[in-house]
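Right, one structure below, let's go through it.
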Amino acid sequence: MEDTEPQNAAANGITPRRTNIKSVEILDTTLREGEQFSRAHFSFPQKIEIATALARFGVDYIEVGSPVSYPNALEELTTMVSQLKKRNSNSKVLVHCRVNQEDVDMALETGAYGINLFMGTSKFLQKASHGKSVEEVSKLACNMVEYVHSKGRFARFGAEDAFRTDLKDLLYICAALDEAGVDQVDFPDTVGGATPFEVYDRILEFTKRFRFKVEFHGHNDTGCGVANALAAMEAGAHCINVTVMGIGERNGICSLSGLVSRLYSLDRELVKQYNLVELPKLDKMVATILGVPIPHDMPITAPNAFTHKAGIHTKAILQDSQAYEVLRPEDFGIRRTLDIASRITGKHAIAARVRELELELEDADIAIITEKVRHAAGLEPISLENVDLIIKSHKPSSAGKED
Ligand code: HCA
Ligand code: CU
């Protein structure tokens, strides 16, 4: 990525940023958590299409669902793993799996890089999900981590509902897992209720105490998915879970676009290893597959994420795009647009359109046209074609004088 200015300053004009983040790995779970979105029903070819696009973008890990989650899942997963290997993908496949010998054996059969074990650790899930004590959860998890390691694979454990689990219970399980040599532990905010401050404090407890890498998975029930991911990274989390457009159980988790925009605006170097121009294509592809629009507030990929409208904004943008942008659309293969066809448009935006149409008009004419557009637009939006018609049908004042 060519750039002559210092990264931080170029991205946002505030130097230096208040951040401790040195590097981050992205774990995309569109094919596991995303499939739990009630509107997601991915066919196998669609899954391959999504996995291939994720690999093109360059996510570090692709998490897939368990081989026992539906009838022919094992066969499909095995094919997917081998296809990704054939394409020399650098994205490593991890299989989400209950702490259960049979499930793990099937997951190992897929040839995936590693196994993402998970089990509830909060009192809610101990009671409502598996009925096991903290000591039992810890023992089962450690045994399974050792088993996965004996097969030469990466072993990760997810402490489901970590933010509603007693800290002492989590520390007990984590100490045992660390001793067992687990590679990575995920701390999911399963119900999306944690605040960024709670996430920061709790994640710091783990990053400062243990050898394993720390992973975070934040649900978006209170709209804090991206903010909580940031808090986790600031506290030293090494790996963040995302899905395309944030899809998942209920209203989902931290979105890939949200995480990328958050990191990019802090320091572009943090996302330099990813193929950023693939991001809009990925969101569009999954939106099309799901039959939903990309949400209007999705960072980077929302249809109007780089559309400037108010006259004050368009005037400033025309002089310096950084005046009202913290992300450079061109880095994502997107063009910024000016929405000039509204009642709040301004003369600088209209003048820019006049130049695009290769016309020459005096300032006084531009001012008259601007007023015409502002009146024509009213409460109903008008099209750019309408604006062009207003511009072209305007009789320049200088032409009148010459006659
Ligand atoms: C789930 C729950 C989970 C698991 C995360 C993990 C969560 O739907 O199975 O494996 O670490 O949010 O707790 O997604
Ligand atoms: Cu989840």
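The values are calculated or read from the model by the stated rules, or taken from the named source; none is laboratory data. Bear in mind the structure is a predicted one, so any value in this text is a computation, not a measurement. Note that each Cβ is placed from the backbone with ideal geometry, even for glycine, and that neighbours are counted across all protein chains shown.
Scan the strands (runs of 3 or more DSSP E) fully inside region 57-133 and keep the ones with 1 or more residues being under 19 Å from Asn143 (Cα atoms) and without any contact (Cβ under 8 Å) to a residue 60 or more places away in the chain.
92-98, 114-120
If you check Phe157 against the conditions, is it within 16 Å of ligand 2 (Cβ to nearest atom), on the phi < 0 side of the Ramachandran plot and assigned to a helix (DSSP H, G or I)?
It is false that Phe157 is within 16 Å of ligand 2 (Cβ to nearest atom), on the phi < 0 side of the Ramachandran plot and assigned to a helix (DSSP H, G or I).
What number of residues in region 232-247 are on the phi < 0 side of the Ramachandran plot and crowded, with 24+ Cβ neighbours inside 10 Å?
Total meeting the criteria: 9.
Looking at Lys127, Lys123, Lys151, can you tell me which residue is more than 14 Å from ligand 1 (Cβ to nearest atom) and touching a Leu at 6+ places or on another chain (Cβ under 6 Å)?
Lys151
For region 1-47, which positions are assigned to a helix (DSSP H, G or I), out of contact with any strand residue (DSSP E or B) (no Cβ under 7 Å at 6 or more places or on another chain) and at pLDDT 95 or above?
Glu35, Gln36, Phe44, Pro45, Gln46
Does any residue in region 14-43 that is within 16 Å of ligand 1 (Cβ to nearest atom) come within less than 9 Å, Cβ to Cβ, of a residue that is at pLDDT below 95 six or more places away or on a different chain, and which pairs are these?
Hits for this filter: Arg32/Ser69; Glu35/Ser69.
Across region 100-146, what is the total count of residues that are within 30 Å of Ser89 (Cβ to Cβ) and surrounded by 20 or more Cβ atoms within 10 Å (Cβ to Cβ)?
Number satisfying all stated conditions: 14.
Determine if region 169-183 includes at least one residue that is within 16 Å of ligand 2 (Cβ to nearest atom), assigned to a helix (DSSP H, G or I), under 19 Å from Ala232 (Cα atoms) and modelled with pLDDT of 95 or more.
no
Any residue that is of a type in the set (A, V, I, L, M, F, W, C), away from ligand 1 (no atom under 16 Å from the Cβ) and within 30 Å of Ser38 (Cα to Cα) - is there at least one of those in region 238-249?
Yes, region 238-249 has at least one match.
In the set Ala323, Ala367, which member is more than 31 Å from the chain's Cα centre (by Cα) and part of a helix (DSSP H, G or I)?
Unique residue meeting the criteria: Ala367.
Can you tell me which condition Gly311 does not meet? The list is (1) modelled with pLDDT of 95 or more; (2) farther than 26 Å from Ser38 by Cα, and all the others hold.
(1)
Report yes if Lys372 is free of Cβ contacts under 8 Å to residues at least 24 places away in the same chain and part of a helix (DSSP H, G or I), otherwise no.
yes
For Glu358, indicate whether it is surrounded by fewer than 17 Cβ atoms within 10 Å (Cβ to Cβ) and assigned to a loop (DSSP other than H, G, I, E, B).
Against the criterion (surrounded by fewer than 17 Cβ atoms within 10 Å (Cβ to Cβ) and assigned to a loop (DSSP other than H, G, I, E, B)), Glu358 qualifies.
Quick one: which residue in Asp320, Asp283 is surrounded by 20 or more Cβ atoms within 10 Å (Cβ to Cβ) and among the charged types (D, E, K, R)?
Criteria check complete, one pass: Asp283.
Go through Ile253, Ile289, Ile300, Ile294 for me and flag whichever is within 16 Å of ligand 2 (Cβ to nearest atom) and either surrounded by fewer than 17 Cβ atoms within 10 Å (Cβ to Cβ) or in contact (Cβ under 8 Å) with a residue 40 or more places away in the chain (or both).
One residue alone meets the criteria, Ile253.
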